[in-house]
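Novice: Mind having a look at this structure? Questions to follow.
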Amino acid sequence: MLDGEQCHSRGKVIIRVQNQGLRGAAGDPHLILASSATLPLTYRENDLETIGRDLTEMQRVPLAQSHVAAMRNVGRVVSYAAGTFLVQPGDPADRFVYVEEGEIEVVNPFTQERFFPSTLGPTQFMAEIAFLSGGTWSMPMRAVRDTRALEVPRQEMLRLMSQIPEMSDIIITVLAARRRRQLEVRNSALVLIGEEIDRNVRRIAEFASRNHLPHSSYPLASPEATRIATSCAIPTDRPAVIFGRDRVVPDPTPDKIARLLGVNYDLADEEAFDVLIVGGGPAGVAAGVYAGAEGLSALVVEDTAIGGQAGTSSRIENYMGFPTGISGADLLWRGEVQAMKFGTRFVTPRRVTQLERLEGAQFCATFDSGQRVRAGAAVIATGVQYRRLPIDRLVEFEGAGAYYAATEAEARYCKNAEVIIIGGGNSAGQAAMFLSRAARHVRLLVRGTSLASSMSSYLSSRLEADPAITIEYNAEVVALHGAERLEAVTIRDARHGTNRTIPTCAVFIMVGAEPNTAWLAGLVELDRKGFILTGAAVRADSPFATSCPGIFAVGDVRAGSVKRVASSVGEGSVVISKVWEHLNG
């Protein structure tokens with residue numbers, strides 16, 4: 001591919017070849033290519049489907065004049081003098097900026113210098129994916145020279161996008177591609193230092209990775225970490241979480257970072273929605289898409305990361321429409337963007353601790369923060385969580401060698417190491433295949449005598465054929481060893497009654513499925529395992545209706561459901577018709 005720059009001048013397309021980068025396809029500074037030494041492209045395998053198109057291969061499609069005219073009717077023209085910052089990291093993404101004259105650059109938040117060689121010019125727009133959800137800007141943007149722009153308030157722009165699908169398609173395609181590029185080159189004002197030694201920083205890395213939030217991470221005392229810490233006037237020998245040059249996050253938590261980035265925010269107290277969707281896995285996100293498409297005001301609440309347990313699957317190959325496979329996180333991120341396009345709102349990390357039925361067929365949900373919202377109906381899509389095994393010191397090592405997800409964040413800790421995976425289902429098999437590309441050896445421990453009844457045939461065949469993976473049947477972990485981090489595990493062979501200890505830095509627990517429904521006890525009927533009873537089991541006329549009218553259950557949390565991503569997506573899609581009937585009955 002040629003290095004070059006595509007820009008626009010007086011309506012004509014001009015191609016200038018230069019040796020420092022490329023601005024083209026989306027007319028976008030996020031497109032710039034750089035050496036792998038500074039911008040490692042490690043985000044995804046080339047053969048998997050991803051969250052968006054590749055900016056380096058996209059042909060730029062500008063907004064039509066009719067689109068600009070529609071924006072002009074609801075927007076206003078704003079002028080910026082050269083050197084003026086249009087936005088800073090953490091500013092609300094509350095407007096769409098269409099450049100008419102001038103030039104805008106992305107700025108390195110730590111050096112205040114231009115981050116990329118290329119810039120945004122006339123007929124291009126300044127926006128990122130957080131605009132859809134009402135999040136915040138991730139990078140500073142500055143006028144290079146005197147600039148005139150057409151600015152449209154977020155709500156007005158979303159209304160136009162809902163009315164003009166051709167304009168919406170262009171904008172969303174570019175925003176998704178920009179986010180993909182940010183994740184690939186890891187450019188953001190959010191910087192993590194020392195995640196390899198600090199559990200709190202590691203939790204931030206995992207949260208950001210699972211929620212597709214751009215961030216950079218550097219080992220403590222590395223040249224990059226030292227340079228950034230020095231620019232922020234903080235000690236260079238301590239782990240840190242930094243958001244922009246002037247904001248060091250004390251006692252960092254996922255909630256604090258989510259609020260800085262606008263993915264978790266305060267709602268109006270007792271704000272009313274048509275439907276509250278509890279759980280952001282496949283069923284919950286699908287329900288969010290269809291609720292928004294049907295014109296319902298919907299709020300999706302997720303306590304960890306959008307994608308749920310499915311979001312931890314490194315590769316899904318049997319989901320229709322993705323012949324080369326797609327990660328669970330990328331699949332659900334696409335769904336989230338789709339739902340936001342229709343107006344559905346998401347908050348994470350946020351947990352519903354109580355759901356009450358009020359007079360007038362309304363429900364009130366209380367969050368772990370104490371805040372409350374109301375809804376005319378509720379869809380429970382909380383899925384299941386892996387069971388915490390009865391192993392001594394397990395809690396102590398959680399996040400420091402014991403994990404419940406196998407994503408890129410965890411894979412970084414397993415490079416050239418021996419890795420243990422506990423489980424015999426598809427998630428365990430996908431984790432083994434994924435981790436085998438980073439680890440020296442992967443050992444899959446299965447309590448039973450076969451994978452035939454618990455894992456798809458195509459996946460078990462691949463595991464058996466991979467020389468980097470060993471499957472051990474009738475095996476279980478009985479002890480964990482280490483000081484501050486996991487250093488070894490003891491494995492018991494149930495068939496022979498023998499134990500052996502194996503050095504390892506990581507054990508992945510992917511066994512058991514427990515529903516998170518204790519907070520619903522007394523409101524809806526549960527089976528003896530805690531799954532929600534629906535349909536004929538509670539004398540309801542819908543297979544998704546619970547014993548409490550107005551509350552529906554879909555996906556893995558529903559008793560008798562098929563525990564597959566496609567099934568959950570189907571249930572989340574179909575249930576909205578029943579929600580509509582309930583609200584309008």
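Rule-based calculations on the coordinates, nothing more; no lab input. Predicted model, so just to flag it, every value in this text is computed and none were measured. Please note: Cβ atoms are built from the backbone with ideal geometry, for glycine as well, and neighbour counts cover all protein chains shown.
Novice: Cβ neighbours within 10 Å, averaged per peptide: list 170-176, 369-375 in order, most packed at the top. Kindly include the intermediate steps, with their values, before the conclusion.
Specialist: Numbers: 170-176: 20.3, 369-375: 16.3.
The packing order, highest mean first, is 170-176, 369-375.
Novice: Only helices at least 27 Å long along their own axis, judged from Cα atoms, and with Kyte-Doolittle mean hydropathy of -0.5 or greater: name those in the chain from DSSP H.
Specialist: Span-like helices here: 165-185, 565-584.
Novice: Full-extension gain between Asp392 and Ala221, please, as 0.36 nm times their residue separation minus the C-alpha to C-alpha distance.
Specialist: That pair, Asp392 and Ala221, stretches by 58.2 nm at full extension.
Novice: Let me ask something else about it. Which value at 222 nm does the chain reach when only helices count, each DSSP H run of 4 or more adding -39,500 (n - 2.57), with the total divided by all residues and rounded to the nearest 500 deg cm²/dmol?
Specialist: Details: 14 runs with 147 residues, N = 585.
Computed mean residue ellipticity for the chain: -7500 deg cm²/dmol.
Novice: Now, a different point. HN-Hα J couplings of region 401-416 from phi, Karplus 6.51/-1.76/1.60, θ = phi - 60°, integer Hz, Gly and Pro as x?
Specialist: Computed from phi, the couplings for region 401-416 are x, 10, 10, 10, 8, 10, 10, 4, 4, 6, 4, 4, 7, 10, 4, 6 Hz.
Novice: Return the loop-located trypsin sites (Lys or Arg not before Pro) in region 394-474 (DSSP other than H, G, I, E, B) with at most 16 other Cβ atoms within 10 Å of their own Cβ; answer none if there are none.
Specialist: Within region 394-474, the qualifying trypsin sites (Lys or Arg not before Pro) (loop, at most 16 other Cβ atoms within 10 Å) are Lys415, Arg437, Arg440, Arg447.
Novice: Note the full-extension length gain between Arg259 and Ser454 as 0.36 nm times their separation in residues minus their Cα-Cα distance, in nm to one decimal.
Specialist: Roughly 66.3 nm would be gained on extension.
Novice: In region 424-506, which GluC sites (Glu not before Pro) fall in coil by DSSP and have 15 or fewer other Cβ atoms within 10 Å?
Specialist: When the GluC sites (Glu not before Pro) of region 424-506 are filtered for loop state and at most 15 Cβ neighbours within 10 Å, Glu484 remain.
Novice: Moving on. Assign unit charges at the C-beta atoms only (+1 for Lys and Arg, -1 for Asp and Glu), then state the dipole size of the chain relative to its Cα centre in Debye, rounded to the nearest 20. Could you put the intermediate results ahead of the total?
Specialist: Working: 61 positive and 65 negative charges, 89 e Å.
The dipole magnitude comes to about 420 debye.
Novice: Region 209-293: which GluC sites (Glu not before Pro) are DSSP loop and have at most 14 other beta-carbon atoms within 10 angstrom?
Specialist: In loop regions of region 209-293 (DSSP not H, G, I, E or B), the sparsely surrounded GluC sites (Glu not before Pro) are Glu270.
Novice: Taking Lys415 as the anchor, which aspartates and glutamates have their alpha carbon closer than 17 Å to its alpha carbon, excluding any fewer than eight residues away along the same chain?
Specialist: Reachable aspartates and glutamates: Glu45, Glu195, Glu196, Glu206, Glu487.
Novice: Can you tell me the dipole magnitude for region 243-288 around its Cα centre, using point charges on the Cβ only (Lys, Arg +1; Asp, Glu -1), in Debye to the nearest 20? Please list the in-between numbers first.
Specialist: Values: 4 positive and 8 negative charges, 81 e Å.
Using only the charged Cβ atoms, the result is roughly 380 debye.
Novice: Next up: How far apart, in nm, are two points set 7 Å out from the Cα along the Cα-to-Cβ line at Arg528 and at Glu270?
Specialist: About 4.3 nm separates the two model spin labels.
Novice: Please report, in Å, the Rg and the Dmax of the chain, where both are computed over Cα atoms only.
Specialist: 24.7, 79
Novice: Could you name the aspartates and glutamates in cross-link range of Lys529, using Cα to Cα under 17 Å and dropping any fewer than eight places away on the same chain?
Specialist: The reachable aspartates and glutamates, counting only those whose Cα sits under 17 Å from Lys529, are Glu514, Asp556.
Novice: Identify, among Leu520, Ala405, Ala272, the residue whose Cα sits farthest towards the positive end of the charge dipole of the chain, taking +1 on the Cβ of Lys and Arg and -1 on the Cβ of Asp and Glu, with the dipole about the Cα centre.
Specialist: Result: Ala405, furthest along the dipole toward the positive end.
Novice: Would you mind getting me the FRET efficiency between Ala417 and Glu359? Use the beta-carbon distance for r and R0 = 45 Å, nearest 0.05.
Specialist: That pair, Ala417 with Glu359, gives E of 0.20.
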